[in-house]
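The values are calculated or read from the model by the stated rules, or taken from the named source; none is laboratory data. What you see is a predicted model, and the numbers here were worked out from it, not measured in a lab. Cβ placement follows ideal geometry from the backbone for every residue including glycine, while neighbour counts extend to all protein chains displayed. Heads up: the accessible areas ignore ligands, DNA and RNA and are worked out on the full protein's heavy atoms, side chains in. Shrake-Rupley method; radii C 1.70, N 1.55, O 1.52, S 1.80 Å.
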Amino acid sequence: MTSDSRAQGKHVSPKQVLNSGGNRNSSIELLRIIAMFMILAHHFIVHNGYDVQELPMGPEKVFFQLFMAGGGKVGVVIFFSISAWFFLDKEQTIKSNLRRIWVMERELLFWSFCLLVFYLVFDRDDLSKKLMVRSLAPLNMGVWWYATAYAIFLALLPFLLKGLKALGRKWHLALAITMLAIWGLTSFIPGTQQIGPNFIGFIYLFVLISAYKWYLKPFTTKQIWLMFSIGFGFFLLYTCASIILSFFGFNKGLFITGDWKLPVIMIGFAMFLLFDRVSFHSGFINKIAQSAFAVYLITDYAASEKLLWVHLFNLKHLYQQPLAILHILGILLTIYAVCTLLDFIRQGLFAVTVDRRRGHWFELLWNKVANLTAKVAKQISAKYLK
């Protein structure tokens, strides 16, 4: 087992620009795969044609609500934390982040068009007219909330990073504490206003992660496990409360596992820190991890949600089977594997087409816009600033 500079107690200044090149740490890539599987399991529950609240009280219902529905929100925290952590190691520019959005948009358009054609041909009943229109511009029209929110975050990241650096240690930590007071402590109170699934949640988490990485003494392994245990303890506490309330007719689910709730962040970030402390390399794991985002895109397309979770794998028909939990997890693993194989095909197509000169079109467009902007600025300067 090896550790990075954080695990050894070294601080990373916000003014330092580190080179994180080289092979990807397969420990982190394995965590990326796990996080996406957690998200897939979450979608199985929340988009299913059978409401998990209708299940009789028992270990299956607790597992579905606590580990699968709640685990998906943890998976989102992990998935974003991986990106955020390494964003802090590099200088972020407007150009570099717009390029990231450009590259991501190509994958969104590919899957959007492929899925649109598939459902037009094979399953038109699950394809609404609204989704057909939205599929023509998936990023702008929010076909996938994570992709749209992430693109907005990337566009704002250079400014956010400069602003946080300018704040300095005292005010940055004060900002993090204020955010925790507003959105963290109120996580435990039912009915309070919380952050929804949008880019504000990404900014919130980025402020917390950057404050830790830049200014706080690195947590020991014992402290990380304590953070994980406290977060999971709240999960269990609210699960027990939910079970008790259900006996009195109150089946409201586990609100403590909602978007960006403090226990969710504690568990997700603790898992990231634990995996970040282990370093090894596996080409196989890294290859599988490259398709994690595609698993989300394929299965969280609105028509796919209906086909998979309403028609094909309805919980109503699955939970009564012997070893139902293992059976469902096997189904989800199979879906994950199929989506990964499909993305391998997409990667092969991209390798002989758009990835032959990756980012070339973006560079041409950027240079054209930059030249046009400079020309207009020069004309304005000559006219009004004589």
task = Please work out which residue is farthest from P190 (Cα to Cα), limiting yourself to region 210-243 and to residues that are open to solvent by less than 40 Å² (accessible area, probe 1.4 Å) and hydroxyl-bearing (S, T, Y).
result = Y215
ask   = Can you name the residue in region 164-209 that is aliphatic (A, V, I, L, M) and in a loop (DSSP other than H, G, I, E, B) and is also most open to solvent (accessible area, probe 1.4 Å) among such residues?
value = I189
request  = For region 265-317, name all the residues that are among the β-branched types (V, I, T) and either touching a Lys or Arg at 6+ places or on another chain (Cβ under 9 Å) or assigned to a helix (DSSP H, G or I) (or both).
outcome  = I265, I267, I285, I288, V295, I298, T299, V310
query = Does region 73-90 include one or more residues that are on the phi < 0 side of the Ramachandran plot, assigned to a loop (DSSP other than H, G, I, E, B), at pLDDT below 90 and of a type outside the set (D, E)?
reply = yes
ask   = When region 183-215 is examined, which residues are found to be modelled with pLDDT under 95 and farther than 21 Å from W145 by Cβ?
value = G184, L185, T186, F188, I189, P190, G191, T192
message = Just checking, does region 62-71 include any residue being out of contact with any Cys (no Cβ under 9 Å at 6 or more places or on another chain) and either open to solvent by 60 Å² or more (accessible area, probe 1.4 Å) or among the charged types (D, E, K, R) (or both)?
response = yes
inquiry  = With touching an Asp or Glu at 6+ places or on another chain (Cβ under 9 Å), touching a residue at least 40 places away in the same chain (Cβ under 8 Å) and within 20 Å of T93 (Cβ to Cβ) as the only criterion, which of A147, A151 stands out?
reply    = A151
message = Can you confirm whether L136 is farther than 15 Å from L88 by Cα, assigned to a loop (DSSP other than H, G, I, E, B) and more than 18 Å from the chain's Cα centre (by Cα)?
response = yes
request  = Look at region 110-130 and say how many of its residues are modelled with pLDDT of 95 or more and surrounded by 14 or more Cβ atoms within 10 Å (Cβ to Cβ).
outcome  = 8
Single residue of H281, H317 found to be more than 22 Å from H42 (Cβ to Cβ) and open to solvent by 20 Å² or more (accessible area, probe 1.4 Å) = H281
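Being more than 19 Å from the chain's Cα centre (by Cα), closer than 30 Å to A302 by Cβ and aliphatic (A, V, I, L, M) is true for just one of L185, L131, L154, L167. Which residue is that?
Within the list L185, L131, L154, L167, the selection yields L131.
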message = Consider region 139-163. How many of its residues are part of a helix (DSSP H, G or I), of a type outside the set (G, A, S) and closer than 23 Å to G196 by Cβ?
response = 11
ask   = Which condition breaks for F362 when tested against (1) within 24 Å of W144 (Cβ to Cβ); (2) loosely packed, with under 14 Cβ neighbours inside 10 Å?
value = (2)
message = Out of the residues in region 338-359 meeting the condition of being of a type in the set (K, R) and either under 14 Å from V295 (Cβ atoms) or touching a residue at least 24 places away in the same chain (Cβ under 8 Å) (or both), tell me which one is surrounded by the most Cβ atoms within 10 Å (Cβ to Cβ).
response = R346
